[in-house]
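A.B. asks: Sharing a structure, written as structure tokens. Questions coming.
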Amino acid sequence: MNKTYEFIDKALYIKKDGILVFGDLHLGYWYSLKQSGNDIPKIQFKETMKEIKIILDHIKKDNKKLNKIIFLGDIKHFFSYQKIEKNLSLELLNFLEKYLKKEDIIIIKGNHETTNLIGDKKLVNYYIKNNIAFIHGDKEFKQIFDKKIKLIIMGHLHPAISLTDSQKIKHEKYKCFLEGRYKGKEVVILPSFIPNVEGSAVNEYLGNSHCIIPAKTLMKFKVYAIGKNKIYDFGILKQLIKKS
């Protein structure tokens, strides 16, 4: 793991620059399930806010600096406009402004964002700070492959790892970070930040995810699974691929 950053639960923290990075939130996900006829409690936003606050409190407790917060896209879930998602997004931004200025909250435009604004907050296609580029991960931009860029941080893929015991009785899935290299750059892929939804098991099926990094290259990435209060190094993804 690169010593310039650390994993804090499902988020990533860049030490030197004091940047906290979150993957896909998909704030309207619970509402989409409810519209599909699933009788589920309205807890996604509450749990999301709780988890974000725990991470922010952890940073404060450890006397770490916090200069910027970056969201890697897909804050909202619906492709079409939904007022409830806008309200939740604005509530999230208002909360974060207790910790830092609005201009220091950066929101990357994901494939689920169909507008360039959340309230008066403008979304960007990518963000570059020193030698680090931040993108959603569904589109390439030539600027992120500039020779000065050493590290690319992205989301979009919602990576998780699927684990089964030797008797194939117990089956569990855990969110994970992926870490590797692409086009001469170090790359870190963050898991989704949706609570209680693990994501896509990358050791079972990569498929057509429209991720900028080809599946063949992802096979060489390292897997860091998120456990309870601990991150586990699971080695190279290729070695974890499940045989059908």
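The values are calculated or read from the model by the stated rules, or taken from the named source; none is laboratory data. Bear in mind the structure is a predicted one, so any value in this text is a computation, not a measurement. No Cβ is skipped: glycine too gets one built from the backbone with ideal geometry, and neighbour counts run over all protein chains shown. Side chains included, ligands, DNA and RNA excluded: accessible areas come from the protein's heavy atoms. Shrake-Rupley method; radii C 1.70, N 1.55, O 1.52, S 1.80 Å.
A.B. asks: Would you point out the residue of the range 183-201, among those that are assigned to a strand (DSSP E or B) and open to solvent by 30 Å² or more (accessible area, probe 1.4 Å), that is nearest to K230 (Cα to Cα)?
C.D. replies: Filtering the range 183-201 for residues that are assigned to a strand (DSSP E or B) and open to solvent by 30 Å² or more (accessible area, probe 1.4 Å), the one nearest to K230 (Cα to Cα) comes out as S200.
A.B. asks: Return the residues of the range 109-125 that are part of a strand (DSSP E or B) and either open to solvent by 40 Å² or more (accessible area, probe 1.4 Å) or closer than 17 Å to N67 by Cβ (or both); say none if nothing qualifies. Please lay out each step first, then the result.
C.D. replies: Going through the range 109-125, the residues part of a strand (DSSP E or B) turn out to be 117-118, 121-122, 124.
L117, K122, V124, listed by residue number.
A.B. asks: If you don't mind, another one. Can you name every residue in the range 202-217 that is more than 15 Å from I153 (Cβ to Cβ) and either open to solvent by 10 Å² or more (accessible area, probe 1.4 Å) or in contact with a Gly (Cβ under 7 Å, 6 or more places away or on another chain) (or both)?
C.D. replies: Selection gives E204, Y205, L206, G207, N208, S209, H210, P214, A215, K216, T217.
A.B. asks: In the range 48-93, how many residues are at pLDDT 95 or above and of a type in the set (S, T, Y)?
C.D. replies: 0
A.B. asks: Output yes when any residue across the range 57-67 is open to solvent by less than 70 Å² (accessible area, probe 1.4 Å), hydrophobic (A, V, I, L, M, F, W, C) and under 17 Å from the mean Cα position of the chain (by Cα), and no when none is.
C.D. replies: Checked against the condition, which is being open to solvent by less than 70 Å² (accessible area, probe 1.4 Å), hydrophobic (A, V, I, L, M, F, W, C) and under 17 Å from the mean Cα position of the chain (by Cα), the range 57-67 yields no hits at all.
A.B. asks: Restricting attention to the range 172-186, does a residue exist that is basic (K, R) and under 10 Å from A160 (Cβ atoms)?
C.D. replies: yes
A.B. asks: Return the only residue of L240, L157, L178 being open to solvent by 10 Å² or more (accessible area, probe 1.4 Å), in contact with a strand residue (DSSP E or B) (Cβ under 7 Å, 6 or more places away or on another chain) and within 24 Å of T48 (Cβ to Cβ).
C.D. replies: Every option except L157 fails the conditions.
A.B. asks: Restricting to the range 132-160, and then to whatever is within 10 Å of the chain's Cα centre (by Cα) and in a strand (DSSP E or B), can you tell me which residue is farthest from K109 (Cα to Cα)?
C.D. replies: Looking at residues that are within 10 Å of the chain's Cα centre (by Cα) and in a strand (DSSP E or B), I get P159.
A.B. asks: Right, next: (1) open to solvent by less than 40 Å² (accessible area, probe 1.4 Å); (2) at pLDDT 95 or above; (3) assigned to a helix (DSSP H, G or I): which one isn't true of E103, the others all being true?
C.D. replies: With respect to (1) open to solvent by less than 40 Å² (accessible area, probe 1.4 Å); (2) at pLDDT 95 or above; (3) assigned to a helix (DSSP H, G or I), E103 is out only on (1).
A.B. asks: Also, quick follow-up: Would you tally the residues in the range 9-32 being open to solvent by 50 Å² or more (accessible area, probe 1.4 Å) and either touching a Gly at 6+ places or on another chain (Cβ under 6 Å) or modelled with pLDDT under 85 (or both)?
C.D. replies: Quick first cut of the range 9-32, residues open to solvent by 50 Å² or more (accessible area, probe 1.4 Å) only: 9, 15-16, 29, 31.
From the residues that got through so far, the ones that are either touching a Gly at 6+ places or on another chain (Cβ under 6 Å) or modelled with pLDDT under 85 (or both) too are 29, 31.
Total meeting the criteria: 2.
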